[in-house]
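Below: the structure, in structure tokens.
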Amino acid sequence: MIETDILIIGAGPTGLFTVFEAGLLKLKCHIIDALPQPGGQLAELYPKKPIFDIPGYPEVLAGDLVTNLMDQIKQFEPGFTLGETAETINKLEDGTFIVTTREGTEYKAKAIAIAGGLGTFEPRKPLLKDIEFYEKEDRGVDYFVKDPEKYRDKNIVIAGGGDSALDWSVFLSNVAKSVTLVHRRNEFRGALDSVEKVQELKSEGKIKLITPAEIVGFKGSERIESLDIEMNGARMNVETDYFIPLFGLTPKLGPIANWGLEIEKNAIKVNNALDYQTNIDGIYAIGDVNIYPGKLKLILCGFHEATLMCQSVYNKLNPGKRYVLKYTTVSGVDGFDGTRKEAEKAVVKAID
């Protein structure tokens, strides 16, 4: 069982920044996320798109913001469990919580911070006969690329027309035996450099592009052996070891909706006048997953909510102990890894 002070559910920007604010208060954090990498929507949906409303950054790519946040919290050595979904929660008599993931991992925490953005992300699945059979037990359908080495020297078919489909086609072209990209339109909606790179690799024969076309069926008794593809009314069969449909993600509250929390408009109601706590003492909801009068679903608002939430957790865990707020420019930042960041001290010296 993994024990921590604050268990953060959601590794998006709000969840990541929570680690920093908690670290300043000497509170340890562990993060759970159903996605295979930190960053939430920023990493999964639009890593190469610019964000213009982060204070101090006139413009920052979503993926770069995630990288910066990961660098910022590195000192505080957060634990990560990625690719797992928080399934159940039990509150013990001493006020602590036991959270169990769908995969069976257990956590004990003194406070829970639900920072799940718009909820857990479930892949949009193509409506194909028998797809449920092939998505189990490594039979050939994958919705996420967790380990690229899995596809080394394999024949891969990727379907989709966005950044994820383009970027993974480019990346896996250096890993797989063959990469075929299928899209129902000729036009792609992605970063220009990604589109141009796919065009370049197509010209070099490293990526096969089939457009406008759709996957219409599977062949293979034990696992996928090939895919039926329809293009301009004609059908072709493409041999493949793995089919990776990348049609985006659908946000859902998921199992959290069954935790006894007060839900409104598919979001978790919180007390925004104080600390963003839910109707269950010790469980907080911050970022896009919560709702309250005047709520704005902005990253910078999530950062603010995370800061006040951490102060509340500290006061709850240290009753009677007064915390003196100090600016980091004055106090510096001491990490759990023994490192220290501080401003250069002024030197007092007479001038002759």
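The values are calculated or read from the model by the stated rules, or taken from the named source; none is laboratory data. Bear in mind that the values here come from a model prediction, so they are computed numbers and not experimental data. Ideal geometry is used to build each Cβ from the backbone, glycine not excepted, and the neighbour counts take in all protein chains shown. The protein model used for the area step is the full one, side chains on, heavy atoms only, and it has no ligands, DNA or RNA in it. Shrake-Rupley method; radii C 1.70, N 1.55, O 1.52, S 1.80 Å.
Suppose the chain between residue 345 and residue 94 were pulled fully straight at 0.36 nm per residue; how much longer would it get relative to their current alpha carbon spacing?
Full-extension gain reported as 85.9 nm.
Taking just the alpha-carbon atoms of segment 25-89, what radius of gyration and Dmax come out, in angstrom?
Both quantities, over Cα of segment 25-89: 13.6, 41 Å.
How about residue 154: which lysines have a C-alpha closer than 23 Å to its C-alpha, ignoring those fewer than 8 places off in the same chain?
List returned: 125, 136, 146, 177, 197, 202, 206, 208, 219.
If the reach is capped at under 20 angstrom between alpha carbons, list the lysines near residue 326, excluding any in the same chain fewer than eight residues apart.
26, 28, 316, 341, 345
Rounded to the nearest 5, what % of the DSSP beta bridges within the chain are antiparallel ones?
The answer is about 50 percent antiparallel.
Could you work out how far the C-alpha centroid of segment 195-218 sits from that of segment 134-180, in angstrom?
13
Counting pairs of alpha carbon atoms under 8 Å apart in space and at least six apart in sequence, what relative contact order in percent does segment 8-132 give?
Working: 195 pairs, mean separation 36.5, N = 125.
Reported as a whole number, the value is 29 percent.
Could you list, bin by bin from short to long, the percent of Cα-Cα pairs of segment 266-352 in 10 Å steps?
Values per bin, smallest distances first: 14, 32, 28, 16, 6, 3, 1.
If the chain between residue 57 and residue 239 were fully stretched, how many nm would it gain, using 0.36 nm times the residue separation less the Cα-Cα distance?
Net length gain for the segment: 60.9 nm.
Find the relative contact order for the chain and round it to a whole percent, using C-alpha pairs within less than 8 Å whose residues are 6+ positions apart.
Once divided by the residue count of the chain, the mean separation gives 19 percent.
Find the percent of Cα-Cα distances in segment 1-137 that exceed 27 Å, and round it to a whole number.
27
Take every DSSP beta bridge with both residues inside segment 190-325 and express the antiparallel ones as a percent of the total, to the nearest 5.
90
Kirkwood hydrodynamic radius, computed over distinct alpha-carbon pairs, for segment 108-194: how many Å, to one decimal? Write down the numbers at each step before the final one.
Working: mean 1/r = 0.0652 Å⁻¹.
Computed over Cα pairs of segment 108-194, the Kirkwood hydrodynamic radius comes out at 15.3 Å.
Want the number for residue 211 to residue 2: 0.36 nm per residue separation, take away the alpha-carbon distance, what's left?
The span from residue 211 to residue 2 would gain 70.5 nm if fully extended.
In degrees from 0 to 90, rounded to the nearest 10, what is the angle of the helix 192-203 Cα long axis to the longest principal axis of the chain?
It works out to around 30 degrees.
Mind ordering 229-239, 184-194 by average Cβ neighbours within 10 Å, highest first?
The densest-packed peptide leads the list: 184-194, 229-239.
Which order, highest average first, do 285-294, 94-103 follow once you tally other Cβ atoms within 10 Å for each residue and take the mean per peptide?
The densest-packed peptide leads the list: 285-294, 94-103.
What whole-number distance in Å separates the alpha-carbon centres of segment 58-127 and segment 27-43?
Rounded to whole Å, the Cα centres lie 5 Å apart.
Can you work out the accessible area per residue across segment 44-146, with the rest of the protein chains kept in place, probe 1.4 Å, in square angstrom?
53
Restricting to DSSP H runs of at least four residues, report the calculated mean residue ellipticity at 222 nm for the chain, -39500 (n - 2.57) per run over all residues, nearest 500 deg cm²/dmol. The partial results should precede the final answer.
Values: 8 runs with 77 residues, N = 352.
Roughly -6500 deg cm²/dmol at 222 nm, from the helical runs in the chain.
At 10 °C and a viscosity of 1.306 mPa s, what translational diffusion coefficient does Stokes-Einstein give for segment 159-215, taking Rh as the Kirkwood radius over Cα pairs? Give it in µm²/s as a whole number.
Reported coefficient: 145 µm²/s.
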